[in-house]
Every structure is written in structure tokens, then in C-alpha cells.
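Accompanying notes for the structure given below.
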Amino acid sequence: MKFPKIKYPNLTFFLFSLIIAIALTYIGFFNTFFASLGDYGYIGALIAGLLLPITFTAPIATAALFYIGGHSELLPTLFLATFGALIGDLVIFTFVKNKTIAEIEAIRKEYRIEHRTHDHYRRHKALMDLFKSKPFHALALFLGGVLIMSPFPDELGVAIFATYRLNIHKFIPLSIFLNGVGIWLIILAGSLMIE
């Protein structure tokens, strides 16, 4: 039996994994499975760092890092959590950069071919000119950095950097710095609360 070829495998996989994650969140899987993450010290910090960039596990990871910050040494916790977050960001970055952007571009081209009769050319060109302008680039990259640094999920921030054709050698130090600052603030808040 031959399986049908999926036209957009990366977007299909993303949608399927999103549905699974929503279902697991709804039944409380993540809360049950990762509830005691803060009790595992440095290993917990590494795992929390890995989970920090992901939408459905970011709140749990933030709470774990907050707790670990009050019970562990700052530098090892910061290092391990930042390393974990970097790995998570690299997975997202590679997934988005390698194939997903190409699939979105293919869908956009197909749409333009199928809807030629609707003369949207001027609006489309004006919108593209706005997206390609330097102020918009600066704003988008700033927003991407803020999203990665914040305790909110990193997917959108990483996707912004991936769409601007930032290569992986530039993205790695940027991710380390932005995640490091964000994680340091969470750990610091945790240690101050315990004191």
C-alpha cells in the first residue's frame, strides 16, 4: 500500500503537533508530567531551558526556573537553562528556516496565480514595500529579540529571525544572549523571593 504524498509536509507536521499539544494541555499532561521539574535542581534547569521556547510548556518552565533560582547556585543554573533554551531555539530555527518558509512561499505563489483576476497588485506591492523597509526590519527584529528574551514562548521571535535570513552562526550568540538575560531575570526573581 502506497501512502499519498503530502504536499506541504512541514506545515502539516506543525499543524498536527499543535493539535496534539493542545490536546495534551487540555487533559493536563504537561502539568502532571513536569510539575516537579523544580525539584530536580540542575537537571531540572536544563530541562526547563529546553521547554522554555515552546508555547505549551513555557509557563511550566518559567515556574520551574523561578523555583530553582531560589534553591540553586545562580551561574550553573543560568548556564544549563540557557544551553537548554538554545537547543530548543535551534530546533525551531532549523525547522522554520529549512523548509517551512519555502512551503509558505509556495502557497503564496499558488494563491497569486489562482487569484489573478482580483487585481490586488498595488496593495500587495505597497505591503511588500512596507515589509522590506528599514524601519519595519528594525521593528520586527527588535520584537523578535523581545519575544526570545521574555518568558513568553520563543517560536514567533525565532521565526522572525529565520525569515530575515539570519544564518545560524549569527543566531546562536544572539539566542544565548537573549535567553541568558531572560532566564537570569527569572532566576534572580526566584532567589529574591526566597530571601
Residue ranges of helices (runs of 4 or more DSSP H) in the stretch 93-195 with at least 1 members modelled with pLDDT of 80 or more: 134-149, 155-163, 168-194
Output the number of the condition that ALA21 fails; it satisfies all remaining conditions of (1) exposed (fewer than 14 other Cβ atoms within 10 Å of the Cβ); (2) at pLDDT below 70. (1)
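The rows are residues; the columns are (1) touching a Ser or Thr at 6+ places or on another chain (Cβ under 6 Å); (2) at pLDDT 90 or above; (3) crowded, with 17+ Cβ neighbours inside 10 Å; (4) not in a helix (DSSP H, G or I).
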| residue | (1), (2), (3), (4) |
| --- | --- |
| PHE33 | no, no, no, no |
| GLY38 | no, no, yes, no |
| TYR42 | no, no, no, no |
| ALA61 | no, no, yes, no |
| LEU65 | no, no, yes, no |
| GLY84 | no, yes, yes, no |
| ILE87 | no, yes, no, no |
Can you tell me which residue within the stretch 142-195, out of those that are charged (D, E, K, R) and out of contact with any Pro (no Cβ under 8 Å at 6 or more places or on another chain), is farthest from VAL91 (Cα to Cα)? GLU195
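The values are calculated or read from the model by the stated rules, or taken from the named source; none is laboratory data. What you are looking at is a predicted structure, and each value in this text was computed from that prediction instead of being measured. Neighbour counts are summed over all protein chains in view; Cβ atoms, including those assigned to glycine, are modelled from backbone coordinates with ideal geometry.
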